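Below is one structure, written out as structure tokens, with a few remarks after it.
The values are calculated or read from the model by the stated rules, or taken from the named source; none is laboratory data. All figures in this text were calculated on a predicted structure; none of them were measured in a lab. Counting neighbours? That spans all protein chains shown, and the Cβs are built from the backbone with ideal geometry, glycine included. Just so you know, the surface numbers come from the protein's heavy atoms only, side chains and all, with ligands and any DNA or RNA stripped out. Shrake-Rupley method; radii C 1.70, N 1.55, O 1.52, S 1.80 Å.
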Amino acid sequence: MEHDARRGRLLETAEQFNLIQGLIAQALQLPVGHACRVVGLDNGTLIIAVPSAAHAAKIRQLTTTIHQLLVAKGQRVDQIRIKIQAGLRSSVSTTAAAAPNTRHALGEQARGALLELQQSTDNQQLAETLARILEKNQARRQS
């Protein structure tokens, strides 16, 4: 019986952490929101783990927003602590890194538009950049 009660509390805590983490991810801009992991909620203090000091700084700037959102959603949060965990990875960056980098050749209309822009621009750097893009695309079309 005690194991069932303990498992029930553990499941309840996991669901609450998952809910809070989802709210944070929705409210904050990518990839910052998805890099956060809720690792604790003790006596009204929410503990959020982030992978780097840069993420921590950004989250610290947004603690008021996070707090207001969570309170509005019925969560009892009095303060937010940020914990840096270097090994923590963002689910978004992990997913993005796993996706293959496929590049497709430009269509004729896109090639024509870039060529026209390259020939009509007064910006030399833009013209050179467009020339490189068109050259790479031509090589991709031939292979």
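List of remarks:
- Complete set of residues in segment 28-61 that are farther than 19 Å from Gly74 by Cβ, among the polar types (S, T, N, Q) and open to solvent by less than 50 Å² (accessible area, probe 1.4 Å): Ser52
- Looking across Ile20, Ile47, one residue alone is under 22 Å from Ala86 (Cα atoms), among the aliphatic types (A, V, I, L, M) and not in a helix (DSSP H, G or I). It is Ile47.
- Hey, Thr13 of a type in the set (Val, Ile, Thr), open to solvent by 70 Å² or more (accessible area, probe 1.4 Å) and at pLDDT below 90 or not: no
- Condition met for Leu106 (in a helix (DSSP H, G or I) and either at pLDDT below 85 or surrounded by fewer than 14 Cβ atoms within 10 Å (Cβ to Cβ) (or both)): no
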